[in-house]
């Protein structure tokens, strides 16, 4: 009896390794920030740590996606990433300084940057039907479930033990994910056209791996911005709009955990609020986003305005420093329900449009490029947000973030989203 694919074993088991890894990825950012704050990190240092991780994502996400496209391999890359993350999270749990956290978090981001673009294409190419839009939505929903479970586990651990102990559990989840995918998974049949490119010589490897190839690939050395937006191609417009909006989002997000700590919320309460965020996102991806049939331009415009309003809502939180409220956690909790719904409704048309706009042999790499756009926005936005909050306070910092978010609306309106 031959080895069965995960899809043949069952849908839930098919997603098991991705659930396990997202238990780690979903909680890692909040946990790392909480541990950094406990070690005395400032908001600016939190921004530096986040920016360093984002730079690692920028460098490696497109490279991983491109390597996967050219080699014709998805599964083996994912097994490698999952296995490599195990010992790194053990080291993260042992970190005793902000500098150690920054370095280890950066290294972890270099590996996790390859998970999303390759996993999305692995799921799409393993889909037996032509409904890959639905498969992407299902993937996002189920992996969000993993993030929720990871946050719940971390909430329980931090309520009774040191918060950093959660990193040891994360290590075990990563190793288990690698073993599960390696034992039961099989390489997907290529349902999207892509070039299999075996490296036959040193010159092939040099062209593929040297930094010149990477920068040329992103066209950073020969950027010639069109004078008018209508000269951009649809994929370029999509990348530009995503960059500007998420520049504002990441400028805002860098201050969320610090302001909740300044409001005297415990680590377990902050993790629980993030678990609610993940729950809201999972419901939104599985139930709300697929059911939304309205015009995507109008939809994204509405979601952009709503996201801007929610950021401005957070800008009012410093009033609780002056007038304390007993149940202050309710205010960030309400936002944690609404914000991920806007994200889910926007994300599905963005990802599916990126796949549709891309050439057939570069769809995996395009997912990596899209992740790179978010990583660049994360790197720049985290630095801006950390500086603005440290210099001018939460209110002005969040107001600037809201302004960037709103500026993306006119660009999205020019794109015919799928």
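Computed values, structure above
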{"quantity": "Computed FRET value (nearest 0.05) for residue 172 with residue 97, which takes r as the C-beta separation and R₀ as 30 Å", "calculated": "0.75"}
{"quantity": "Extension gain, residue 319 back to residue 162 (0.36 nm per residue minus Cα-Cα distance, nm)", "calculated": "53.5 nm"}
{"quantity": "Average projection area in nm² (convex hull over Cα atoms of segment 271-406, one quarter of hull surface)", "calculated": "9.6 nm²"}
{"quantity": "Residue order, fewest to most surrounding Cβ atoms within 10 angstrom, among 323, 343, 122", "calculated": "323, 343, 122"}
{"quantity": "Sequence ranges 375-382, 33-40, ranked by mean other-Cβ count within 10 angstrom, highest first", "calculated": "375-382, 33-40"}
{"quantity": "Anisotropy class of segment 308-348 from Cα gyration tensor, a/c 1.5 cut", "calculated": "oblate"}
{"quantity": "Ranked list, fewest to most other Cβ atoms within 10 Å of each Cβ, for 392, 357, 82", "calculated": "392, 357, 82"}
{"quantity": "Least to most buried among 153, 90, 24 (fewest other Cβ within 10 Å first)", "calculated": "90, 153, 24"}
{"quantity": "Listed peptides 285-291, 399-405 by packing density, highest first (mean Cβ within 10 Å)", "calculated": "399-405, 285-291"}
{"quantity": "Cα Rg, Dmax (largest Cα-Cα span) when computed across segment 275-351, Å", "calculated": "14.5, 45"}
{"quantity": "Estimated inter-spin distance, residue 182 and residue 416, nm [label 7 Å along Cα→Cβ]", "calculated": "4.8 nm"}
{"quantity": "Extended-chain gain in nm, criterion 0.36 nm per residue less alpha-carbon gap, residue 261 and residue 39", "calculated": "78.6 nm"}
{"quantity": "Pair residue 236, residue 293: separation of 7 Å Cα→Cβ label points (nm)", "calculated": "3.6 nm"}
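Every number in this text was worked out from the coordinates using simple rules, so none of it is lab data. This structure is a prediction, so every number in the text was calculated from the model and none was measured. Glycine gets a Cβ as well: all are built from the backbone with ideal geometry, and neighbour counts include every protein chain shown.
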